[in-house]
Amino acid sequence: MGYTCTKSDHVVFVHFQDSKISIITLYVDNFTMVCKDIKVIEHNKEELKKHYQMTDLGEISYILGIHVTWDCEAGCIELSQQKYIEEILE
């Protein structure tokens, strides 16, 4: 699919096309895909489904115990481990 493994982290793959970058990160049997263009994400998911059995869980909300929220208009992403911290404190 044209993705290249980064030298700094072997679970991060990048692809550049038409001045757009898409990134895939892997963790065991899970992956996360990011790109500013949703059409690129949808296309790449369809290509991956041709080769791998996979379940699309939709937009990310939790990954590795980290809560992810974003404000597209402000261009902000917030990562929080509040739930984890509260569990530790209990």
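Please state which one of Val12, Val68 is touching a Phe, Trp or Tyr at 6+ places or on another chain (Cβ under 8 Å) and surrounded by 11 or more Cβ atoms within 10 Å (Cβ to Cβ).
Values: Val12 fails: touching a Phe, Trp or Tyr at 6+ places or on another chain (Cβ under 8 Å).
None of the others qualify; the one that does is Val68.
Quick check on this structure: which one of Asn44, Asn30 is over 20 Å from Cys72 (Cβ atoms) and among the polar types (S, T, N, Q)?
Numbers: Asn44 fails: over 20 Å from Cys72 (Cβ atoms).
None of the others qualify; the one that does is Asn30.
Looking for something touching a residue at least 40 places away in the same chain (Cβ under 8 Å) and either surrounded by 11 or more Cβ atoms within 10 Å (Cβ to Cβ) or among the charged types (D, E, K, R) (or both) - is there at least one such residue anywhere in region 46-64?
yes
Tell me whether region 65-75 contains one or more residues that are in a helix (DSSP H, G or I) and polar (S, T, N, Q). It would help to see each step written out before you state the result.
First, pick out the residues of region 65-75 that are in a helix (DSSP H, G or I): none.
Within region 65-75 (the criterion being in a helix (DSSP H, G or I) and polar (S, T, N, Q)), the answer is no, since none of the residues qualifies.
Computed from the coordinates by the stated procedures, all read-outs in this text should not be read as laboratory data. Quick caveat, the model's predicted, so the values are computed rather than measured. A quick note on method: Cβ atoms are made from the backbone with ideal geometry, for glycine too, and the neighbour counts reach across all protein chains shown.
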